[in-house]
Amino acid sequence: MRITVTVDGSKYTDDVEPRMLLVHYLRERAGKVGTVVGCDTSNCGACTVHLDGHSVKSCSVLAVQADGCEVTTVEGLARDGRLHPVQQAFHDNHALQCGFCTPGMIMQSIDLLADNPDPDEQAIREGLEGNLCRCTGYQNIVRAVRDAADHMSPGAGPEAEQIKHVGVGGE
């Protein structure tokens, strides 16, 4: 089947097998290897990407289901050489060890912040429950999401993925 998908702002048109998973399409056809294959069963969340602005586990989505859609991977988050606020918060808070789960955690965190721009610790833990980290105790991941929330405009959608701008008088 012929599909056209916009990935990180670039349009791709390819013939794919109807059974090809989106995660394999992103890695093999679009070269987006930051989206990792973890479990292939949608249990770990390492392959999380945004499909039309919402997080999905790309190992449970067929590439043909993404036809006509926009996909954002962890590689498409940085703007003008600056990390996305969630990426920066993960770096600043040492929210990774081996790094395998990090792309999926970051993508899910952005979706979480889009739904709840001011989450408490419990809301963060619940929002990330479908993403597994086998190395950390999640403390620094939770801290990073909270830190990102403090540095982002309300919501985390495409229009609000920028760092807050403080005006005159702290407005």
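The values are calculated or read from the model by the stated rules, or taken from the named source; none is laboratory data. Note that the structure is predicted; figures quoted are calculated from it, not measured. Heads up, the Cβs are rebuilt from the backbone with ideal geometry, glycines too, and the neighbour counts pull from every protein chain shown. Calculation scope for accessible area: heavy atoms of the full protein, side chains included, ligands and nucleic acids excluded. Shrake-Rupley method; radii C 1.70, N 1.55, O 1.52, S 1.80 Å.
Things worth noting here:
- Per residue, the solvent-accessible area of the chain (1.4 Å probe, heavy atoms of protein chains only, all protein chains present) comes to 51 Å².
- Mean separation of Cα contacts under 8 Å (6+ apart) over length of the chain, as relative contact order %: 22
- Computed from the C-beta positions of GLU121 and GLU28 and an R0 of 45 Å, the FRET efficiency is 0.75 to the nearest 0.05.
- Rounded to two decimals, the Cα-based Rg/Rh of the range 85-150, with Kirkwood Rh, is 0.90.
- In percent, rounded to a whole number, the relative contact order of the range 2-76 is 41, using alpha-carbon pairs under 8 Å and six or more apart.
- The value for the range 2-76 of Rg(Cα) / (2.2 N^0.38 Å) is 0.94.
- Helix-only [θ]222 nm of the chain, DSSP H runs n ≥ 4, -39500 (n - 2.57) each, per residue, nearest 500: -8500 deg cm²/dmol
- Label separation (HIS151 vs ASP67): 4.1 nm, computed from points 7 Å beyond Cα along the C-beta direction.
- Taken over the chain, the convex hull of the Cα atoms encloses 111 Å³ per residue.
- Backbone HN-Hα couplings from phi across the range 15-22 [Karplus 6.51/-1.76/1.60, Hz, Gly and Pro as x]: 8, 10, 5, x, 8, 5, 6, 4
- Computed about its Cα centre, the charge dipole of the chain is approximately 480 debye, with only Lys, Arg, Asp and Glu carrying charge at their Cβ.
- Ordering 109-122, 49-62, 69-82 by mean Cβ neighbour count within 10 Å, with the highest value first, yields 49-62, 109-122, 69-82.
- Note on the chain: with neighbouring protein chains present and a 1.4 Å probe, carbon and sulfur make up 48 percent of its accessible heavy-atom surface.
- Packing, taken as the mean count of other beta carbons within 10 Å per residue, orders the peptides 130-136, 18-24 from highest to lowest as 18-24, 130-136.
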